[in-house]
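The values are calculated or read from the model by the stated rules, or taken from the named source; none is laboratory data. Predicted, not measured: the structure shown is a model, and the values here were computed from it. Neighbour counts run over all protein chains shown; Cβ positions are idealised from the backbone, glycine included. Just the protein is used for accessible areas: all its heavy atoms, side chains included, with ligands, DNA and RNA removed. Shrake-Rupley method; radii C 1.70, N 1.55, O 1.52, S 1.80 Å.
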Amino acid sequence: MNETTQTTTTETSVKTTRWLDDSKNVDKIFWALIGVCAVFIVVEPFYHKHPYLGFDGMFGFFAFFGFLAPLFLVFFGRCISLLLARKDDFYDAALKQSEDNH
Amino acid sequence: MLWGIPPGLLLIAGAFVVPLLPGAWRKTYMTLLPLAGLWALAGAQPGTFYSFNFFAYELSPVRIDGLSLIFGYIFHIAATLSVIFAWHNEDVVEQMAGLSYAGAGIGAVFAGDLITLFIYWEAMAITSVFMIWARRTDAAYNAGMRYLIVQVGSGVLLLSGAILIAHETGSVVFEKMTLGNLATWLILLAFGIKCAFPFLHNWLPDAYPAATATGTVFLSAFTTKCAVYALARGFPGTEILIYVGAAMAAFPLFYALIENDLRRVLSYSLNNQLGFMVVGVGIGTTLAINGAAAHAFAHILYKTLLFMAMGAVLYRAGTVKASELGGLYKSMPFTAFFCIIGAASISTPLFAGFVGKSLTISATAKGGYEIVWLILMFASAGVFLVSGIKIVHSAFFASDAGIQCREAPPNMLVGMGLTAILCVAVGVYSPWLYSILPYDVTYQPYTMDHVINQLQLLLFTALAFGLLTRFRLIPEAKNSVNLDFDITYRRWLPQLYRWLITLTRDGWNSFLQDLINGVHRVIAYMFKHHGPEGILARTWPTGSMALWVALLLGGFLLLYYS
């Protein structure tokens, strides 16, 4: 067995507050991300594109696509979760039932 | 070839020496063996070797050309990295299985005929299952058994197809095939199972998360990429594969998004990446086949790195459930760093995935497959979200779950570090990877528009993730089984079987009961009439008989004289 060797260390390492523990700093990262995204929209007119398919040459196509893809993914992911999620002993219960029958 | 030993067989034969060696010698030997194989391969000349006649058929166990070499190189590299990552592991069965599994994978990509391919194909199945069983839990045993049945089944289909082809053509050479008869469909199905085509894919997210922390690292590299190689060799330009690949690239992402077990998330995203390669094989142009091979090369590196990081988390924290993890960057900063490199390597410029994947996406665009291109773009954004951001965020940065553990052992860190270096090296210096592709290539991934567009795609995906997280719209990680196609053979078929058994048993019993009841009724009826009290058993008085005779006589006389 080479698994599950949960090892505890000294308490001191846990008590230290890290930069990321402050939610204000997480906000800073988020706003920085918005800033970088804005820069990547602003540069749109300033480089030459080689669209293969036509529509991929539209203004900010990749940015909009990148933004919409996760929304689509999350929406349908949630639908699938609602329809298809079962308790995590779903198959074990079936197995147990079949063993009981024999 | 090293000492005249065919590639692959070196590792398989070498694995039998493993139990004879003590401690550190054994580990050193295991690390050097795939490196020796790689060194031998570097000097190998193209051609067919060791051909011999087997009954009426010519077998060619070793065929070296551009397509087999790139897979051969990366398989040796992956074997070396995986052995280093598993250096601390003392389980000799797993050590032997790991080496011989890698050897079988290498042997398969150099197989020049279908019979040799079949032998290595089955060897891969049989050796790899020990990585799952080495976990030594009931769940792993059952998952391993399901895995083995599917994998061996794939081999049986391959052999059936090979026999039919041998019967039809008189040759078992493994070369390009055209779909059209039963034999080729059987072989495509066999490859499709190992390549985790939609509806044939369930063995992958079922078995890989069940293996040991180190075993999954081995498993992630060989089986599926060997199938990609086999498709690229046997079915390049088969149009149906474009659409199969597009479906594969998209649908596993939804499962990856809602899955709690992070190694299962990676398994689903592995399935999604195979989709890109299958699209490349389906398009079949030299650019697209180069794309599939380059992507397979890069993919093995970054997926190995991500599975290593999750393996290290499993080893130290004891779980890879997203719902139980978070804030691990404090305890495991190096692992977190390497995991971020792995996540970035999926498709960020300057990392391996970008250099590998771009070829396939360009080939799709040049071929004019708009819808497929859009699906691949969605899949690129989606996989960055689930396999990159979700993995890194859930394990290392989400709200602190309070797990205090040590950093991964040094050998794991060295394994991850070397893999990370390769991910960056391949990404930064693209000519190196492009020089070992099957066909000559003049492709420049680092053009201004390509880099900016890719960064736009990824940054806005990250932005959408940030917003979704802020509004708590990302599906909450929770323990659940998300029903997939395996419900057919894990639930419905057994239920149908039990139902049929019950039906047959009850039906037979009730038939017998009806038969017995029927016989009883007949006997009772007979008894009623013929029994001691029955009407037919009564003694008849002589007077009544004389009366009846007189009546009959009277009737006769009347008829006679009328």
Set B:V244, B:V156: member being in a helix (DSSP H, G or I), assigned by TED's automatic domain parsing to the domain that holds B:F118 and modelled with pLDDT of 95 or more: B:V156
Yes or no: the stretch B:324-333 includes at least one residue that is touching a helix residue (DSSP H, G or I) at 6+ places or on another chain (Cβ under 7 Å) and part of a helix (DSSP H, G or I). no
Go through the stretch B:363-418 residue by residue and tally those that are more than 8 Å from chain A (Cβ to nearest Cβ), among the aromatic types (F, W, Y) and open to solvent by 50 Å² or more (accessible area, probe 1.4 Å). 1
Can you tell me how many residues within the stretch B:193-215 are away from chain A (no Cβ under 14 Å), surrounded by fewer than 24 Cβ atoms within 10 Å (Cβ to Cβ) and part of a helix (DSSP H, G or I)? 2
Residue check, A:F62 at pLDDT 85 or above, facing another protein chain (nearest Cβ under 7 Å) and part of a helix (DSSP H, G or I): yes
The stretch B:419-451, subset open to solvent by 20 Å² or more (accessible area, probe 1.4 Å) and within 12 Å of chain A (Cβ to nearest Cβ), residue farthest from A:P45 (Cα to Cα): B:Q444
Name, by its number, the condition in (1) within 15 Å of A:F90 (Cβ to Cβ); (2) more than 7 Å from every other protein chain (Cβ to nearest Cβ) that does not hold for B:R472. (1)
Subset of the stretch A:42-59 [more than 7 Å from chain B (Cβ to nearest Cβ) and either surrounded by 15 or more Cβ atoms within 10 Å (Cβ to Cβ) or of a type in the set (D, E, K, R) (or both)]: A:E44, A:D56
Working carefully through the options B:L359, B:L325, find the one that is touching a Ser or Thr at 6+ places or on another chain (Cβ under 7 Å) and at pLDDT 90 or above. B:L325
Residue hits (the stretch B:473-511; of a type in the set (F, W, Y) and open to solvent by 90 Å² or more (accessible area, probe 1.4 Å)) are B:W492, B:Y497, B:W499, B:W508, B:F511
Quick one: is B:Y57 at pLDDT below 90, at negative phi and of a type outside the set (D, E)? yes
Qualifying residue in the stretch A:12-34 (condition: modelled with pLDDT of 85 or more, more than 7 Å from chain B (Cβ to nearest Cβ) and part of a loop (DSSP other than H, G, I, E, B)): no
Go through (1) within 30 Å of B:H201 (Cβ to Cβ); (2) within 11 Å of another protein chain (Cβ to nearest Cβ) for B:L463 and report which single condition fails. (1)
Does B:L458 satisfy the condition of being in contact (Cβ under 8 Å) with a residue 60 or more places away in the chain, open to solvent by less than 20 Å² (accessible area, probe 1.4 Å), of a type in the set (A, V, I, L, M, F, W, C) and under 30 Å from A:F46 (Cα atoms)? yes
Of everything in the stretch B:148-192 that's among the hydroxyl-bearing types (S, T, Y) and open to solvent by 60 Å² or more (accessible area, probe 1.4 Å), which residue is farthest from B:A125 (Cα to Cα)? B:T169
Within the stretch B:312-319, does at least one residue satisfy the condition of being modelled with pLDDT of 95 or more and within 21 Å of the chain's Cα centre (by Cα)? no
Here are some residues: B:S323, B:S345. Which one is within 14 Å of chain A (Cβ to nearest Cβ) and in contact (Cβ under 8 Å) with a residue 60 or more places away in the chain? B:S323
